[in-house]
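Participant: Have a look at the structure that comes next, please.
The values are calculated or read from the model by the stated rules, or taken from the named source; none is laboratory data. Predicted model only: the values in this text are computed from it and were never measured. Cβ coordinates were reconstructed from backbone atoms using ideal geometry, including for glycine residues, and neighbour counts include every protein chain displayed.
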Amino acid sequence: MSDIIQLLPDHVANQIAAGEVVQRPASVIKELLENAIDAYAHNIQVVVKDAGKTLIQIVDDGAGMSLTDARMCFERHATSKIKSAEDLFSLNTKGFRGEALASIAAIAHVELKTKPQNEEVGTCIKIEGSKVTSQEPCVTPKGTSLCVKNLFYNIPARRNFLKSDAVELRHIIDEFQRVAMAHPSIAFSLFHNGGELFQLPSTNHRQRITNIFGAKTNEKLVPVNEDTEIVKISGFVGKPEFAKRSRGEQFFFVNNRFIKSPYLNHAVSAAFDGLLKEKTYPSYFLYLDVNPKSIDINIHPTKTEIKFDDEHALYAMLRSAIKHSLGQFSVAPVLDFDR
Ligand code: ADP
Ligand code: MG
C-alpha cells in the first residue's frame, strides 16, 4: 500500500491549536493582557468593538519587540519566556507556550505595532491567516499595540457559535476584571463601542477591588493574612452578612494568576461554617503565593486550573487563616467553638 501520512502545513496546525487557545473574544483579551503584563507594562488599554467580534485592540507601554521578534512572535512555539523544560517549574511569567499569537494570527486579521524603548522607529506588521502580508517601519510609542479584527473570519462555524454581544461582553469583562485584580499596580482601561467601561488607576489590592465592585464593597472586606513556609495568603473575605445568593464574587489568585479550585473554595466555605444563611455564598478575593516549584499550571492551555503539591496542607491553612480573620474582626461569637 502507498504511504498516506503527511505533516500538516503550519497554518492548518495553527488553526487547530487555535481551537484550544481561543474559544471566544474574551480568550484573546486574556492572552493579550497576559503578554502585556509579561512585557512589564505599567499601563494597558483595551478597546473592543461589537463585543470583540469585529475588533479587539490592546495597547501597552511595555518592553516592545525588535524587528525580528515582531515577526517571530507569530510562529508556533515561539516564546521568549522559557528555554527548557526545567523552566516550567520556576515560571514567573503568565505565558510560556508560545502559542497564543500564532493561534490568533491563524484565525483573524492582525496588526502589530511595536517599538522597544531605545529605538527611534518601530515596526508595523500585518498578518492574515498566518501569512505576513506586510512589514514596514512606523512611528509608534514605546510598547506594543495589537489589533485583532474579524475573529474567526475563516472559520464560519466558530463565528456562528459565538453568543450574543451581551454574553460575549460579559466574558470579556470577567477576564478583564480577573487580570486587573491580580495586578493592581498596573493601570488598566476598557472601552466598548466608544464608551468607557473601566478606568482603573495604579493602586493597591483593596482599592482595585473597590474600584471594580463599587465603593460599598470596601466596608464589607475583612483582611486575611497568613505567612507560612508553604504559602503566603493575603486578600479579603466578605463579612458573612454580605454573603450573596450567587457565587459571583469569588476569586482565587495563585502567584497572580486567577484560578478555579472547587477544593479551595470548599476550604473557604468550611471557614464560614455556621455563619451563613442557607443558599448564600461568601465573597472572597484571596491571593495565594506559593513556590512556583510546588505547582503545576501546565495542565490546561487556558491555565485556570492548577495542581498543588500539598493540597491538604493548603486547605487547612486557608481555612484556619480565614477563621482567624473572621474571629479577629469579631464577626460572630460562634467562631470560638471549633466544631
Ligand atoms: P508566550 O506568551 O507563551 O510566550 P505568545 O504567542 O503569547 O507566547 O507570545 C510570543 C512572544 O511574543 C512572547 O514570548 C514575547 O516575547 C512576545 N510578545 C508577545 N506580546 C508582547 C507584548 N505585548 N510586548 C512585548 N513582547 C510581546
Ligand atoms: Mg502569551
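Here is a yes/no grid of residues against (1) at negative phi; (2) assigned to a loop (DSSP other than H, G, I, E, B); (3) among the charged types (D, E, K, R):
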site	(1), (2), (3)
R158	yes, no, yes
A166	yes, no, no
H171	yes, no, no
R178	yes, no, yes
F191	yes, no, no
L197	yes, no, no
T203	yes, yes, no
R206	yes, no, yes
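Participant: Let me ask another. Kindly indicate the residue of the range 123-144 that is in a loop (DSSP other than H, G, I, E, B) and within 28 Å of R158 (Cα to Cα) and also nearest to ligand 2 (Cβ to nearest atom) among those meeting that condition.
Facilitator: It comes out as S130.
Participant: Here is a follow-up. Within the range 182-196, does at least one residue satisfy the condition of being of a type outside the set (K, R), in contact with a strand residue (DSSP E or B) (Cβ under 6 Å, 6 or more places away or on another chain) and either under 26 Å from H324 (Cα atoms) or not assigned by TED's automatic domain parsing to the domain that holds I58 (or both)?
Facilitator: Checked the range 182-196: at least one residue is of a type outside the set (K, R), in contact with a strand residue (DSSP E or B) (Cβ under 6 Å, 6 or more places away or on another chain) and either under 26 Å from H324 (Cα atoms) or not assigned by TED's automatic domain parsing to the domain that holds I58 (or both).
Participant: Here's a follow-up. Out of (1) within 22 Å of the chain's Cα centre (by Cα); (2) outside any helix (DSSP H, G or I), the odd one out for Q6 is which?
Facilitator: (1)
Participant: Between a first residue in the range 176-193 that is without any contact (Cβ under 8 Å) to a residue 40 or more places away in the chain and a second residue that is charged (D, E, K, R), which pairs have beta carbons less than 6 Å apart while being 6 or more apart in sequence or on different chains?
Facilitator: That search, which allows pairs on different chains as well, returns P184/R208.
Participant: Ok, one more. Contact list please: Cβ distance under 8 Å, first residue in the range 194-217 and over 14 Å from H183 (Cα atoms), second residue of a type in the set (A, V, I, L, M) and surrounded by fewer than 15 Cβ atoms within 10 Å (Cβ to Cβ), pairs at least six apart or on different chains.
Facilitator: none
Participant: Can you name every residue in the range 186-210 that is crowded, with 20+ Cβ neighbours inside 10 Å and either within 22 Å of V48 (Cα to Cα) or among the acidic types (D, E) (or both)?
Facilitator: Of everything in the range 186-210, those that are crowded, with 20+ Cβ neighbours inside 10 Å and either within 22 Å of V48 (Cα to Cα) or among the acidic types (D, E) (or both) turn out to be I186, F188, L190, L200, R208.
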